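Report on the following structure.
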Amino acid sequence: MTTTRRMTTLLSLTLLAGVASAQNFQQGPPPPPPAYGQGWEAPPSQFIAAQQRGYHDGVEGARKDFDNHRPPNVENRDEYRNPRFMAPPDRHDYRIGFREGYRVAVQHIYGRR
């Protein structure tokens, strides 16, 4: 009888440990670091949604150009020249945001002031 009781206790503890560790995985990813999305990488607060997306894409475009050892030129970015994924009325605002995000990122990434 004591062997059965020990096995039951051991099994119960094992199941509880598994449930406790599974709960940690269900919480989702950790929060971003405090500086994430702030500073020069954040679009100006007065930008509308299309400009904010453009700003973010411009920052990413400048990073890609730098990583691929290309000279910085916003006109060479396909997503700036032809933003087919944006509705036609929003394309102008997207390009405004893109150009600004690209300019700011180039200043920081390439070290140009």
Compute the length gained on full extension between ASP67 and ARG6: take 0.36 nm times their separation in residues and subtract their Cα-Cα distance, giving the result in nm to one decimal. 16.0 nm
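Would you work out the charge dipole size for segment 39-109 about its Cα centre, treating the Cβ of every Lys and Arg as +1 and the Cβ of every Asp and Glu as -1, and quote it to the nearest 20 debye? Please list the in-between numbers first.
Working: 11 positive and 11 negative charges, 30 e Å.
I would put it at about 140 debye.
From the Cα gyration tensor of segment 39-109, with a ≥ b ≥ c the square roots of its eigenvalues, which class applies: rounded if a/c is under 1.5, or else prolate if a/b is larger than b/c, or else oblate?
On the way: a/c = 2.56, a/b = 1.29, b/c = 1.99.
Verdict is oblate for segment 39-109.
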Charge tally in the Cβ shell below 13 Å around PRO43, where Lys, Arg are +1 and Asp, Glu are -1, PRO43 excluded: -2
When the charge dipole of segment 39-109 is computed with +1 at the Cβ of Lys and Arg and -1 at the Cβ of Asp and Glu, the Cα pointing farthest to the positive end, of GLY97, ASN76, HIS56, is that of ASN76
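Every read-out reported here was derived from the displayed coordinates using simple, explicitly stated rules and does not represent laboratory data. In this text the structure is predicted, and so the values were computed from the model without any measurement. Cβ sites come from the backbone with ideal geometry, for glycine too, and all protein chains shown count toward neighbours.
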